[in-house]
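**Q** Quick one: this structure, given as structure tokens, is what I'll be asking you about.
The values are calculated or read from the model by the stated rules, or taken from the named source; none is laboratory data. Everything numeric in this text was worked out from a predicted model, so none of it was measured. With ideal geometry, Cβ positions are generated from the backbone for all residues, glycine too; neighbour counts draw on all protein chains shown.
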């Protein structure tokens, strides 16, 4: 039997109206990605170099990156790089609602104009992901009425994804600074492509523009625009150099030597790569 404990009618709790407020403003792409990436153990994203370039020597051919250039598919490239960042452990998949991709791929402004616009934005996300599927870079399935995106091998072979550390394969490292510093929002497609190509090459590299189309499937004009933009935002240093060339008019040929800077520099990436490989080995040993 419950006791009254001396409470009067006036003392008893009286139901109050619930204060109702609308949802807060959606998070922007920068804040959304910052929060997700800071929850990961690593601060760089390993991507096999075969995504950028395949083969060696005379057998060198462009990788799948060239298809994003020819298709002017900047949002597809954004989605693919972000998927690599988020699908950071086996089974190498990412199950996020379409609204997440709407925000992070720059479709949020359209999606706030009404129900029809929201549907259109989600349809645009579906088309972007289909392009990744058609390039054999991603496998898409349904899990509880939500799309599940799983990485495939970066060379576009359609083979299952494995971590490049497992097979000691060559890979480039894309620093999380690409997202944290807002470069994913501000760089053009040309600059993003040339940044990935620069990350694939060794430090202080020379890249003759006449070689770019055959090696990477990128026009010389696109390479020039991309390099120029990377210099303007401080991500790339360029040094003019001269090498002997007895066949030239003056016996010398001018060339440009390129180096990435800051967290994108070869020194920073090498240190981060060593730490990542050590951490990954420890995880595998404890698995």
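**Q** Take the residues in the stretch 73-96 that are modelled with pLDDT under 90 and within 14 Å of the chain's Cα centre (by Cα); name whichever of them is surrounded by the fewest Cβ atoms within 10 Å (Cβ to Cβ).
**A** Out of the qualifying residues, it is 88.
**Q** For residues in the stretch 97-107 being crowded, with 18+ Cβ neighbours inside 10 Å and assigned to a loop (DSSP other than H, G, I, E, B), which is modelled with the lowest pLDDT?
**A** Taking the candidates together, the pick is 107.
**Q** Ok, one more. Please go through the stretch 38-90 and give me each residue that is over 21 Å from residue 165 (Cα atoms) and part of a strand (DSSP E or B), ordered by number.
**A** 61, 62
Per-residue answers, yes or no, for (1) touching a helix residue (DSSP H, G or I) at 6+ places or on another chain (Cβ under 6 Å); (2) closer than 16 Å to residue 64 by Cβ; (3) surrounded by 14 or more Cβ atoms within 10 Å (Cβ to Cβ); (4) at pLDDT 95 or above:
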residue: 141; (1), (2), (3), (4): no, no, no, no
residue: 148; (1), (2), (3), (4): no, no, yes, no
residue: 153; (1), (2), (3), (4): no, yes, yes, yes
residue: 163; (1), (2), (3), (4): no, no, yes, no
residue: 169; (1), (2), (3), (4): no, yes, yes, no
residue: 185; (1), (2), (3), (4): no, no, yes, no
residue: 191; (1), (2), (3), (4): yes, no, yes, yes
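**Q** Return the residues of the stretch 255-280 that are out of contact with any strand residue (DSSP E or B) (no Cβ under 6 Å at 6 or more places or on another chain) and modelled with pLDDT under 80; say none if nothing qualifies.
**A** 274, 275, 276, 277, 278, 279, 280
**Q** While we're here: Hey, among the residues in the stretch 201-235 that are part of a helix (DSSP H, G or I) and within 18 Å of residue 58 (Cβ to Cβ), which one's modelled with the lowest pLDDT?
**A** So, considering only residues that are part of a helix (DSSP H, G or I) and within 18 Å of residue 58 (Cβ to Cβ), the one modelled with the lowest pLDDT is 210.
**Q** Checking residue 179 against (1) touching a strand residue (DSSP E or B) at 6+ places or on another chain (Cβ under 8 Å); (2) surrounded by 20 or more Cβ atoms within 10 Å (Cβ to Cβ); (3) within 28 Å of residue 236 (Cβ to Cβ), which single condition isn't satisfied?
**A** It fails just one condition, (1).
**Q** Can residue 239 be described as in contact (Cβ under 8 Å) with a residue 12 or more places away in the chain and not in a helix (DSSP H, G or I)?
**A** yes
**Q** Then there is this: Checking residue 248 against (1) in a helix (DSSP H, G or I); (2) modelled with pLDDT under 95, only one condition comes out false. Which one?
**A** Failed condition: (1).
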